[in-house]
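Laboratory data are not the source of any read-out in this text; all were calculated from the coordinates shown. Just so it is clear, the model here is predicted, and its values are computed rather than measured. A quick note on method: Cβ atoms are made from the backbone with ideal geometry, for glycine too, and the neighbour counts reach across all protein chains shown.
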Amino acid sequence: MAWTIGGVRVYAQESTEETGQILPRLQPLSGGTVIQAFGYESTVRQIDAIIVGDTRKDALKAFAQDETPVALVSPEGSLGNVIVRKFQAKRDKTTCQRIDLTLPEIAPVYNVSFELYIED
């Protein structure tokens with residue numbers, strides 16, 4: 001099974017997760033610091049990947065402009081539904097791609113980065 005975001009094939013190079021607590025610190029005029037817990041932040045996943053083709057790039061970019069959750073699938077199976085918060089693409093300097101043989105050799109290759117909010 002391959003990595004897909006919303007059914008679009010990506011070649012993941014790196015995947016990281018981040019979460020934390022919401023802990024404001026109050027500094028009263030007298031006494032020590034008071035820490036107040038207000039819960040936790042939802043998990044944020046960062047994926048750096050390679051994609052091939054403008055059609056796939058445009059489909060993934062559209063997810064970042066729509067708040068609709070999409071499925072995130074890895075080789076281990078479903079990782080749940082995510083909302084694409086941020087998408088960045090940089091075209092690679094290639095003249096011939098051999099990554100995805102279903103697309104022409106002259107298809108553009110992109111290095112992309114996603115910031116994904118995982119639905120709880």
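For region 79-104, the set of residues classified as loosely packed, with under 11 Cβ neighbours inside 10 Å and either over 17 Å from residue 64 (Cβ atoms) or without any contact (Cβ under 8 Å) to a residue 12 or more places away in the chain (or both) consists of 93, 95, 96, 98, 101, 102, listed by residue number. Within region 51-62, the set of residues being surrounded by fewer than 20 Cβ atoms within 10 Å (Cβ to Cβ) and under 12 Å from the mean Cα position of the chain (by Cα) comprises just one member, 61. Residue count for region 24-45 satisfying the condition of being surrounded by 15 or more Cβ atoms within 10 Å (Cβ to Cβ) and either of a type in the set (Lys, Arg) or closer than 17 Å to residue 110 by Cβ (or both): 1.
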